[in-house]
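Before any comments, here is the structure.
None of the figures in this text is laboratory data; all of them are computed from the coordinates on show. Because the structure is predicted, anything quoted here is derived from the model rather than measured. Please note: Cβ atoms are built from the backbone with ideal geometry, for glycine as well, and neighbour counts cover all protein chains shown.
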Amino acid sequence: MKTPPALLEPRGKVAIDDYIVDIAWSTDGSRLAVAGGEGKICSIENGEGSLAASEVGSHGLGALAVAWHPKNAMFVSSGQDCEVRLYDATDGNVLVRQRPSKAWTTYLAFSPDGSQLASAAGKQISIWNEQLELQHALPPLEGAIAALAFDKSGRDLAAAINGGVVVHRLEAPRFPVRHYRWAAPCITANFSGNGKFLATGTQDGSVHFWYLATGRDSQMRGYPGKVDQLGWSGDSRYLATAAADRVVVWDFGGKGPEGSSPIQLSGHTDRIECLAYQPRGSFLATAGLDWRLSLWLPGKFSTAIDAHLTDSEPSCLRWSPDGRFLALGERKGKLSVFELVRI
Amino acid sequence: MYDYMATTDRVPVTVLTGFLGSGKTTLLNRILSENHGKRIAVIENEFGEVGIDHQLVIGAEEEIFETNNGCICCTVRGDLLRILGQLLKRRDKFDYIMVETTGMADPGPVAQTFFLDDEFKQQFLLDAIVTVIDAHHIEKHLDEMKEPGEQVAFADVILLNKIDLVGEAELERIERRIRAINGTAKIFRTRNADLPIERVLDVGAFDLDRALAVDSAFLEPQYPFEWAGLYELPAGRHELRTGGDTHDHHDHHDHEHHHDGKCDHDDHHHHDHEHHGHDHAHEGGLAVALLSAGAGESTAALAECIEPAVRAFAEEGSQIACGGTLKPANTTYRVDVGHDGSHFHVEIANAGRYALVVEHAPIEFGLRIEGAKPIAERRFASHHHDEEISSIGLTDPRAVDPNKLNDWLSYLLKSRGADIFRMKGVVSIKGEPRRYVFHGVHMMFDGQLERPWPADADRMNTLVFIGRNLDRQELEAGFHSCFA
């Protein structure tokens with residue numbers, strides 16, 4: 001048995017008193033914003049071995065999403081009160097409130113350089129500037145948006161809908177659109193870091209991906225249910241997916257995954273709820289309804305290299321952008337931070 | 001097939017369907033504003049203005065997902081998947097969820113949403129599909145569109161609303177027609193959708209333990225008639241008449257002018273019968289039989305006439321035009337009720353008891369023997385075969401082989417899943433002390449072993465199918481092939 005190259009070391013826990021639905025890290029990993037299903041928005045300081053949470057607002061009956069500005073000490077939140085808010089992360093004050101739609105704004109994504117914020121409400125994508133001023137309301141899509149993601153360059157914005165993934169080139173005023181069609185309800189949108197692939201998980205138990213250069217597509221079937229957890233390794237070689245209690249990893253090295261069998265990682269004993277690949281790295285974290293947080297190194301280790309028990313069912317898992325910290329949110333409100341420690 | 005589901009802590013969901021103007025929103029607002037102590041989340045089909053404290057009203061745009069490569073039986077509501085998924089993300093769950101569909105919605109995808117997704121199966125309990133019907137317009141809607149029939153077919157509870165706008169005879173006719181489509185739903189007649197809230201919430205229609213509280217009349221043997229009445233008639237000539245409600249006093253004097261047996265008076269003065277005839281055109285006339293009945297207790301005497309009546313109704317029967325004459329006989333007459341105020345003579349040679357047996361409920365036609373009141377009467381389950389959508393009930397005491405049942409149900413779901421909207425059953429499995437209970441929506445199927453049979457003598461298979469173009473013989477033969 002090889003010695004694991006790294007472990008997850010607990011660095012702190014804090015109770016949010018809400019069901020954690022989303023977590024966003026500041027770029028340097030010193031702070032987090034947390035959204036609660038019953039409405040709370042909290043700002044958390046990731047100190048040396050301790051976490052300090054402060055409630056900075058509430059979105060009425062439920063908060064939906066948070067996103068941290070890639071460069072500035074600012075973050076945004078959205079909720080079931082249909083508002084989108086911009087906060088000053090240093091004091092938690094709300095700088096701007098917007099009400100872009102009568103529908104819930106369910107997804108928020110900053111472009112990599114922070115100059116643009118995309119939000120999705122129903123079929124509608126809105127593009128905002130850093131001051132949360134509306135720049136463009138894109139024409140409504142054919143279906144409600146189930147995921148939103150920028151590519152690494154920040155030029156393209158992908159939205160998953162029933163029937164495929166729609167990619168907008170963010171060039172005003174035309175915003176050229178490419179449709180990556182697939183006749184299934186697509187519920188995730190995942191660009192690979194090398195800009196070659198676009199993957200999506202579907203409601204009916206499959207993973208679909210496209211070669212962005214040619215538009216050629218491929219499908220991976222056989223999942224027992226919806227596939228809503230996908231992640232690319234930092235080098236874009238592996239696409240990790242969750243299939244019930246197993247991690248299924250497709251190898252895009254060599255000739256690609258077509259015709260090959262995926263790597264299957266066992267260890268969880270109940271459904272995997274959260275899956276997150278380390279940004280720019282090769283460690284994969286998963287958390288399941290078995291109250292277990294697992295760390296994997298796909299392609300090198302066929303079993304988990306580290307595991308921790310959680311305090312309740314996990315609900316959200318996010319790496320800090322530098323790949324050093326991992327935040328785990330739980331349904332009962334516990335937020336834990338782990339540090340990836342090389343051995 | 002023996003699929004045990006987690007039953008704890010599931011949030012009940014009521015699906016509310018009905019045409020625009022049926023009173024659906026009135027019902028919803030009543031439920032929201034009534035002091036029932038429940039925290040209700042309402043998913044509306046549009047962004048409404050209803051805002052009630054502590055109740056969440058969410059506007060949703062219906063979005064149909066076809067999964068499994070477009071199989072129509074596997075369509076679900078994508079917007080519900082998203083919104084309900086979001087509502088699950090809280091520690092203090094709502095006590096109840098109501099989903100209001102658009103007027104033209106097919107209830108199938110909504111119901112299937114709660115079966116297709118494992119997480120939803122664990123978290124939500126589909127309580128009932130409630131359909132609100134505008135009594136004033138439903139007949140026209142049923143004739144002209146497919147959606148109202150589907151909404152009736154899927155329902156566990158039907159509110160026959162706006163009954164103040166229609167007459168009793170019309171209500172009877174509508175109810176009969178609804179029953180023909182859906183033999184198992186509970187029907188409530190309402191004004192302003194006003195009824196006790198427990199009639200529509202926590203109904204438990206999809207609760208396997210309470211799966212088959214079927215109106216027993218629906219499972220009775222089929223009769224070719226719907227009503228029989230026992231009369232004491234003196235010898236002589238009597239009048240059999242139709243026209244309006246029986247308590248209505250129409251002026252029939254113009255009948256005096258017709259001696260050729262043909263009536264040609266117009267029927268515009270009965271606007272409440274405008275929609276007559278879509279359902280039962282009666283080109284061949286309304287079948288009636290007049291049978292001699294025996295003495296003795298009146299109900300029993302009437303019951304004795306049922307066998308002879310079945311035989312009489314097996315015969316073609318002779319056509320009787322308006323003004324014609326009927327006599328007691330072991331055959332039927334087809335009387336012309338094509339217009340209101342038809343009248344026929346009834347010749348009674350010997351005073352005594354006679355049973356009048358009628359194909360459809362007499363109240364629909366105001367059919368009556370003038371000056372005579374039935375001393376006993378009985379209604380029979382209506383079984384219409386002229387609706388495209390209908391209900392079929394099967395009962396049989398013989399024990400079933402579970403493998404054969406599984407094979408048959410699998411075959412049935414695969415081959416007829418698109419046409420079968422709802423099915424429910426309680427089955428006696430050979431050697432199994434517990435009842436096997438199942439229900440399904442299209443191809444979605446859920447079944448499990450439930451309470452034991454109280455005694456072997458009580459073992460009885462009861463199966464109900466509601467769907468389009470159902471073939472009773474095919475279903476019967478299929479089920480009979482499952483006996484152990």
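What to note about this one:
- Convex hull of Cα atoms in the range A:128-183, direction-averaged projection (nm²): 4.2 nm²
- Think of it as helices only: each DSSP H run of n ≥ 4 in the protein assembly as shown is worth -39500 (n - 2.57), and spread over all residues that comes to -3500 deg cm²/dmol at 222 nm.
- Taking N as the residue count of the protein assembly as shown, its C-alpha radius of gyration divided by 2.2 N^0.38 Å amounts to 1.18.
- Each residue of the range A:106-113 was assigned a 3J(HN,Hα) from its phi angle through the Karplus expression (A = 6.51, B = -1.76, C = 1.60, θ = phi - 60°), giving 9, 10, 9, 8, 8, 5, x, 8 Hz with x at Gly and Pro.
- Panel order for B:Arg241, B:Arg191, by other beta carbons found within 10 Å of each beta carbon, from fewest to most: B:Arg191, B:Arg241.
- Cβ crowding within 10 Å, taken as a proxy for footprinting-reagent exposure, orders B:His137, A:His208 from fewest neighbours to most as B:His137, A:His208.
- Net lengthening on full extension, A:Ser30/A:Gln131 (0.36 nm per residue, minus Cα-Cα): 34.1 nm
- Panel values: the range B:305-383, Kirkwood radius from alpha carbon pairs, Stokes-Einstein at 20 °C and 1.002 mPa s, translational diffusion coefficient 156 µm²/s.
- R0 of 30 Å, Cβ-Cβ distance A:Val94-A:Arg178: FRET efficiency to nearest 0.05: 0.25
- Sequence of B:Arg353, B:Arg91 once ranked by neighbouring C-beta atoms within 10 Å, starting from the fewest: B:Arg91, B:Arg353
- Cα centroid separation, the range A:20-69 to the range B:154-191: 53 Å.
- P(r) of chain A over all Cα-Cα pairs, binned every 10 Å from zero, in whole percent: 6, 26, 36, 25, 6, 0
- Part-to-part distance (alpha-carbon centres) for the range A:180-213 and the range B:396-433, which is given in Å: 40 Å
- Value in Å of the Kirkwood radius, where the range B:389-480 supplies the Cα pairs that are averaged: 13.3 Å
- Alpha carbon centroid spacing (whole Å) that separates the range B:439-462 from the range A:230-279: 42 Å
- Annotation: amide H-H contacts under 5 Å for B:Glu450 (H modelled 1.01 Å from N, sequence separation of 5 or more, or interchain): B:Arg435, B:Tyr436, B:Val437.
- Ordering of B:304-311, A:194-201 by burial proxy (mean other Cβ atoms within 10 Å per residue, highest first): A:194-201, B:304-311
- The mean count of C-beta atoms from other chains within 10 Å of the C-beta of residues in B:83-94, rounded to a whole number, is 5.
- Beta bridge orientation in the range B:354-466: antiparallel %, DSSP, nearest 5: 95 percent
- The dipole here belongs to the protein assembly as shown: it is taken about the Cα centre, uses +1 on the Cβ of Lys and Arg and -1 on the Cβ of Asp and Glu, and is about 4080 debye.
- The distance between label points at A:Val341 and B:Arg199 comes to 6.8 nm (points 7 Å beyond Cα on the Cα→Cβ vector).
- Hypothetical label at B:Leu171: residues of the range B:124-157 whose amide nitrogen lies under 12 Å (7 Å Cα-Cβ projection): B:135-136
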